[in-house]
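*Asks:* Sharing a structure, written as structure tokens. Questions coming.
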Amino acid sequence: MGISVKLEVFEGPLDLLLHLIDKNKVNIYDIPIVEITRQYMEYIQEMTRRDLNVMSEFLVMAATLLDIKSKMLLPKEVNEEGEEEDPRQELVEKLLEYKLYKYMSYELREKQQDASFAMYKPPTIPKEVSAYRPEVKVEELLDGITLQRMHGIFKDIMRRQKDRVDPVRSSFGTLEKEEVDMDATWERVEAYIAEHGTCDFRALLERGRTKMQIVVTFLVILELMKIGRITISQEGTFGDIFITAAGREG
């Protein structure tokens with residue numbers, strides 16, 4: 001009575017080679033080609049009843065291993081740089097590439113399994129809850145706002161504008177006097193604030209492309225605050241400063 005042998009399933013000849021290398025605990029860069037070839041041949045002899053198309057891939061690898069084995073018995077060839085060529089080098093590179101993709105497939109499979117445990121649903125927040133807005137206490141928002149704080153933000157904006165200047169390219173060309181229309185800047189700032197209702201002070205200054213435009217924008221903001229066309233608020237000490245059009249505080 002014959003002994004029944006259950007073979008492991010491998011995805012291809014490279015998969016079988018990796019299995020034999022791991023099983024024998026050998027260095028992939030220094031494969032004992034004689035022993036690995038012997039074990040490989042023993043395995044494919046047990047696969048004679050498998051599909052011929054599948055077997056053909058393993059037989060091609062068997063021929064490759066035998067070719068490498070024969071080259072290992074011959075004197076080593078020397079390349080153009082005077083270095084000895086290793087007949088196993090091409091096989092090692094294929095094994096390393098296959099091993100990389102194999103472990104990547106394991107990682108993707110784990111991610112797919114983890115994702116199968118996740119459930120998603122559309123938001124079902126009641127309109128009353130989503131429409132709720134907490135009460136804003138103007139006195140608390142204005143607490144700690146000073147001209148010094150606004151001046152600090154202005155200096156920070158100016159420093160950022162200076163950092164954007166290329167020290168080499170900025171020296172090219174000719175210098176021209178820049179003219180900024182105060183009235184046009186006034187209208188542009190008022191229109192921006194009116195459109196947004198409340199806007200970030202820093203973001204408004206950063207809309208200026210040049211140093212002169214930033215200076216004029218800053219002066220316009222101070223003048224609008226002076227005549228009561230806008231109000232200034234701050235979310236806590238050293239927090240961001242916001243500009244609100246007069247009459248839009250509520």
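The values are calculated or read from the model by the stated rules, or taken from the named source; none is laboratory data. These numbers were taken from a predicted model, which means no experiment stands behind them. No Cβ is skipped: glycine too gets one built from the backbone with ideal geometry, and neighbour counts run over all protein chains shown. These accessible areas exclude ligands, DNA and RNA; they are computed on the full protein's heavy atoms, side chains included. Shrake-Rupley method; radii C 1.70, N 1.55, O 1.52, S 1.80 Å.
*Asks:* Restricting the first residue to region 97-111 and requiring it to be without any contact (Cβ under 8 Å) to a residue 40 or more places away in the chain, which pairs with a second residue that is open to solvent by less than 100 Å² (accessible area, probe 1.4 Å) and part of a helix (DSSP H, G or I) meet a Cβ separation below 9 Å and a spacing of at least six or different chains?
*Replies:* That search, which allows pairs on different chains as well, returns GLU97/LEU14.
*Asks:* Further, regarding this structure: Name every residue in region 1-46 that is among the basic types (Lys, Arg) and modelled with pLDDT of 75 or more, in order of residue number.
*Replies:* Within region 1-46, LYS23, LYS25, ARG38 meet the criteria.
*Asks:* Restricting the first residue to region 184-205 and requiring it to be in a loop (DSSP other than H, G, I, E, B), which pairs with a second residue that is open to solvent by less than 60 Å² (accessible area, probe 1.4 Å) and among the aliphatic types (A, V, I, L, M) meet a Cβ separation below 9 Å and a spacing of at least six or different chains?
*Replies:* Taking only residues 6 or more apart or on different chains, the pairs are GLY197/ALA245.
*Asks:* Here is a further query. Does any residue of region 74-82 turn out to be part of a loop (DSSP other than H, G, I, E, B) and in contact with a strand residue (DSSP E or B) (Cβ under 6 Å, 6 or more places away or on another chain)?
*Replies:* Yes, the conditions are met somewhere in region 74-82.
*Asks:* So, in region 116-140, how many residues would count as being open to solvent by less than 100 Å² (accessible area, probe 1.4 Å) and closer than 30 Å to THR231 by Cα?
*Replies:* Start the filter on region 116-140 by keeping residues that are open to solvent by less than 100 Å² (accessible area, probe 1.4 Å), which leaves 116, 118, 122, 126, 129-131, 134, 136, 138.
Retained after the next criterion (residues that are closer than 30 Å to THR231 by Cα): 129-131, 134, 136, 138.
Residues meeting the conditions: 6.
*Asks:* Condition first: in a helix (DSSP H, G or I), at pLDDT 75 or above and more than 18 Å from ASP200 (Cβ to Cβ). Now tell me which residues in region 125-149 satisfy that.
*Replies:* LYS127, GLU128, VAL129, SER130, GLN148
Each row is one residue, and each column tells you yes or no for (1) modelled with pLDDT under 75; (2) open to solvent by 70 Å² or more (accessible area, probe 1.4 Å).
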position	(1), (2)
ARG169	yes, yes
GLU176	yes, yes
ALA194	no, no
ARG229	no, yes
GLU235	yes, yes
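*Asks:* Let me ask another. For a quick check of your reading of the model, give me the residue pairs whose first member lies in region 53-72 and is over 13 Å from ILE33 (Cα atoms), whose second is open to solvent by less than 50 Å² (accessible area, probe 1.4 Å) and among the hydroxyl-bearing types (Ser, Thr, Tyr), with beta-carbon atoms closer than 9 Å and at least 6 apart or on different chains.
*Replies:* PHE58/TYR40; PHE58/TYR43
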